[in-house]
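Student: Below you'll find the structure I mean.
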Amino acid sequence: MSVTHHCQFTIKTQSPPLVEVDQNAAAFYVRFKKGKVHRTIPRMMSPMVVTIDLDGKGEVVGIEAVGADGLSIAQILEIAKVEAPHIDLGRAVIGRAGMKMPQPA
């Protein structure tokens, strides 16, 4: 497996992500914050595709994973070269695609 880009991103928020699941597409989206996507960075890892969506400030909005059956959120973050040092991933909220972000506790 080879990574197409070698840059590293760090999630600044402490709020747990929303994991949006699209069973029809065998995909999920780990959304860390609301925001308009200005740039998408691919991480091609055969047989799956992982992309990182960035806002206008270069901060991570979310990570999409297609074909990543059986992987944890932590493993997807590792593949994407994204760190989330202040987030308890065990508190992630799982919902259907298009669900609204939960309010921070």
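The values are calculated or read from the model by the stated rules, or taken from the named source; none is laboratory data. Keep in mind that this is a model prediction, so the values were computed, not measured. Virtual Cβ from ideal backbone geometry, glycine too; neighbours counted across all protein chains shown.
Student: What number of residues within segment 8-18 are under 13 Å from residue 77 (Cα atoms) and either more than 12 Å from the chain's Cα centre (by Cα) or not in a strand (DSSP E or B) (or both)? Don't jump to the end; show me each part of the working.
Tutor: Keep residues of segment 8-18 that are under 13 Å from residue 77 (Cα atoms), which gives 8-11, 17.
Restricting the remaining residues to those that are either more than 12 Å from the chain's Cα centre (by Cα) or not in a strand (DSSP E or B) (or both) gives 8, 11, 17.
Looking only at that region, the number is 3.
Student: Being closer than 19 Å to residue 10 by Cβ, surrounded by 14 or more Cβ atoms within 10 Å (Cβ to Cβ), touching a helix residue (DSSP H, G or I) at 6+ places or on another chain (Cβ under 9 Å) and at pLDDT 85 or above: is that true of residue 74 here?
Tutor: Here the answer is no, as residue 74 does not meet what is asked.
Student: On to the next question. Go through segment 19-62 residue by residue and tally those that are surrounded by 13 or more Cβ atoms within 10 Å (Cβ to Cβ) and assigned to a strand (DSSP E or B).
Tutor: 24
Student: Looking at 84, 65, 80, 97, which is the one that is among the hydrophobic types (A, V, I, L, M, F, W, C) and touching an Asp or Glu at 6+ places or on another chain (Cβ under 6 Å)?
Tutor: Residue meeting the stated conditions: 97.
Student: Another one. Pairs only if they're at least six apart or on different chains, beta carbon under 9 angstrom, first in segment 72-83 and without any contact (Cβ under 8 Å) to a residue 60 or more places away in the chain, second in a helix (DSSP H, G or I); list them, first residue then second.
Tutor: Hits for this filter: 72/89; 73/89; 74/89; 77/89.
Matching residues to (1) modelled with pLDDT of 90 or more; (2) in contact with a strand residue (DSSP E or B) (Cβ under 6 Å, 6 or more places away or on another chain):
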{"site": "19", "(1), (2)": "yes, yes"}
{"site": "41", "(1), (2)": "yes, yes"}
{"site": "46", "(1), (2)": "no, no"}
{"site": "55", "(1), (2)": "yes, yes"}
{"site": "58", "(1), (2)": "yes, no"}
{"site": "69", "(1), (2)": "no, no"}
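Student: Looking at (1) at pLDDT 90 or above; (2) in a strand (DSSP E or B); (3) closer than 23 Å to residue 14 by Cβ, which is the only condition residue 95 fails?
Tutor: (1)
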